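The values are calculated or read from the model by the stated rules, or taken from the named source; none is laboratory data. Quantities reported herein were computed from a predicted structural model and do not represent experimental measurements. Ideal geometry is used to build each Cβ from the backbone, glycine not excepted, and the neighbour counts take in all protein chains shown.
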Number of protein chains: 2
Amino acid sequence: MEPHEPDLTAVPVTNVLAALADDVRLQIVRALAEGGEAACGSFDFGVSKATRSHHLKVLREAGLTRTRAAGTSRLVRLRRDELDKLYPGLLDAVLTQRPPA
Amino acid sequence: MEPHEPDLTAVPVTNVLAALADDVRLQIVRALAEGGEAACGSFDFGVSKATRSHHLKVLREAGLTRTRAAGTSRLVRLRRDELDKLYPGLLDAVLTQRPPA
DNA sequence: GGTGTTGTTCGATCATTGTCGAACAAGGGT
DNA sequence: ACCCTTGTTCGACAATGATCGAACAACACC
């Protein structure tokens, strides 16, 4: 099963934005930004594991995350450096949890 | 016909991102960022005027643009100041046209 | 008033996508 | 070998969304 992690420069901006434009995925990205590398199972946001796996696939194929196997788990991490280099400010703008202010 | 332009702070981030995660709308936003205020009709990106109107509505309701009537036309402009204040770096990150690198 | 321009709204259609349960695959442990 | 844990994949289904033509509304101009 190839991880299928694209070159970020080859991913259209709209794909990156679409990947971030979902509540569950945004929560995953926030968790990764705070906690660093994490196992897929650690993201329990009221969705089934099938759905979670789907979201992680979307994030991976949009170039936002990398995945590596570790035993029976898979560890996911944000491609923060690349993202900040290619889209400076994007993650920072999106990651900060905003109060309903 | 109420313009229905929401307070930006009341719009979920995912809505803002979703509004930007479309090729036609991104072209509109880019055109607005470059040319300032423009009439709806000036955005001719291979879609019908019904579709164009739809996209402008999405942008407006996501808090990205403001619209004002001017004769039979409607002038649209980017809410850049507000966006830059609430999501610093977002527009800059997204607006720059990237070559297929 | 009539005509033309500019947008919006209304169905309708079609593609995309978020969601789930169930089946499957790969490891680890005993 | 067996089982349990962890994820992925496979349909299937429902909801959303992009798109269009046609009808409508508002305004300007003659």
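Summary table
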quantity	calculated
Out of B:ASP44, B:ASP81, sole residue that is over 20 Å from A:LEU17 (Cβ atoms) and more than 13 Å from DNA strand C (Cβ to nearest atom)	B:ASP81
Pairs, first under 15 Å from B:LEU75 (Cα atoms) in segment B:24-35, second hydrophobic (A, V, I, L, M, F, W, C) and assigned to a helix (DSSP H, G or I), C-beta under 6 Å, six or more apart	B:ALA33/B:LEU95
Given (1) modelled with pLDDT of 95 or more; (2) more than 20 Å from B:LEU95 (Cβ to Cβ), index of the condition B:MET1 fails	(1)
Given (1) within 14 Å of chain B (Cβ to nearest Cβ); (2) surrounded by fewer than 15 Cβ atoms within 10 Å (Cβ to Cβ); (3) touching a helix residue (DSSP H, G or I) at 6+ places or on another chain (Cβ under 8 Å); (4) of a type in the set (Ser, Thr, Tyr), index of the condition A:THR96 fails	(3)
Residue within segment B:63-78 that is part of a helix (DSSP H, G or I) and at pLDDT 95 or above present	no
Residue check for A:ASP44: assigned to a helix (DSSP H, G or I), more than 28 Å from B:VAL24 (Cα to Cα) and either of a type in the set (Lys, Arg) or more than 12 Å from chain B (Cβ to nearest Cβ) (or both)	no
Subset of segment B:1-41 [in contact with a Lys or Arg (Cβ under 9 Å, 6 or more places away or on another chain) and farther than 30 Å from A:VAL29 by Cβ]	B:PRO3, B:GLY36, B:GLU37, B:ALA38, B:ALA39, B:CYS40, B:GLY41
Residues that are near DNA strand D (Cβ under 7 Å from one of its atoms) and within 14 Å of another protein chain (Cβ to nearest Cβ), drawn from segment B:47-78	B:HIS55, B:VAL58
Residues located in segment A:38-89, provided they are acidic (Asp, Glu) and surrounded by 13 or more Cβ atoms within 10 Å (Cβ to Cβ)	A:GLU61, A:GLU82, A:ASP84
Selected residue [β-branched (Val, Ile, Thr), under 16 Å from A:VAL13 (Cβ atoms) and within 10 Å of DNA strand D (Cβ to nearest atom)] from B:VAL16, B:VAL29, B:VAL24	B:VAL24
Flag if A:ALA18 is within 14 Å of another protein chain (Cβ to nearest Cβ), assigned to a helix (DSSP H, G or I) and surrounded by 12 or more Cβ atoms within 10 Å (Cβ to Cβ)	yes
